[in-house]
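This report concerns only the one structure given below.
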Amino acid sequence: MTEGVADVQLRATPRHETLYRRWSEGGAGLLLTGNVQVDRHDLERPGNVALDVTEPETVSAEARERLCRWARAGTAAGNQLWMQISHAGRQSRGT
């Protein structure tokens, strides 16, 4: 999957919550998130979430709480939610 709905700081948004809650409540047994990048410079696409320790906004307390809300929405009906941790590598333009 790939959602492309992160905010400009590359954090999860209420749109992630809405989408994953709908899928969770729709009867999915397992949801695999779109690409969550480990390098904010190498995105698979615009709107990826990133967890990049070199950029404080992507790992701040607020960013972590947003991830928690996303996880709660994605497991609302008891299914599993697995985060797809990625590095776009050669797929990206890089910097």
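Results, tabulated for the structure shown:
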item	result
Counted charge near residue 52, where neighbours are those whose Cβ lies closer than 10 Å (Asp, Glu -1; Lys, Arg +1)	-3
Amide proton proximity set for residue 81, modelled H, under 5 Å, gap of 5+	31
Accessible solvent surface per residue of the chain, calculated while the other protein chains remain in place, 1.4 angstrom probe, Å²	59
Scaled radius of gyration (Cα, divided by 2.2 N^0.38 Å) that the stretch 1-52 gives	1.16
Neighbour net charge for residue 20 - beta-carbon separation under 14 angstrom, K R +1, D E -1	+3
For residue 10, net neighbour charge (Lys/Arg +1, Asp/Glu -1) across residues whose Cβ lies under 14 Å away	-3
In degrees, nearest ten, helix 61-74 long axis to first principal axis of the chain (Cα)	40
Sum of -39500 (n - 2.57) over DSSP H runs of 4+, divided by residues of the chain (222 nm, nearest 500)	-9500 deg cm²/dmol
Amide hydrogen neighbours beyond the local backbone of residue 37, cut-off 5 Å, H modeled	49, 50, 51, 86
Range of Cα positions in the chain per principal axis (Å), largest first	41, 28, 16
Surface share of carbon and sulfur [accessible, 1.4 angstrom probe, percent] for the chain	53
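The values are calculated or read from the model by the stated rules, or taken from the named source; none is laboratory data. All figures in this text were calculated on a predicted structure; none of them were measured in a lab. Reconstructed Cβ throughout: ideal geometry from the backbone, glycine too, with neighbour counts over all protein chains shown. Protein only, heavy atoms only, side chains kept; ligands, DNA and RNA dropped before computing areas. Shrake-Rupley method; radii C 1.70, N 1.55, O 1.52, S 1.80 Å.
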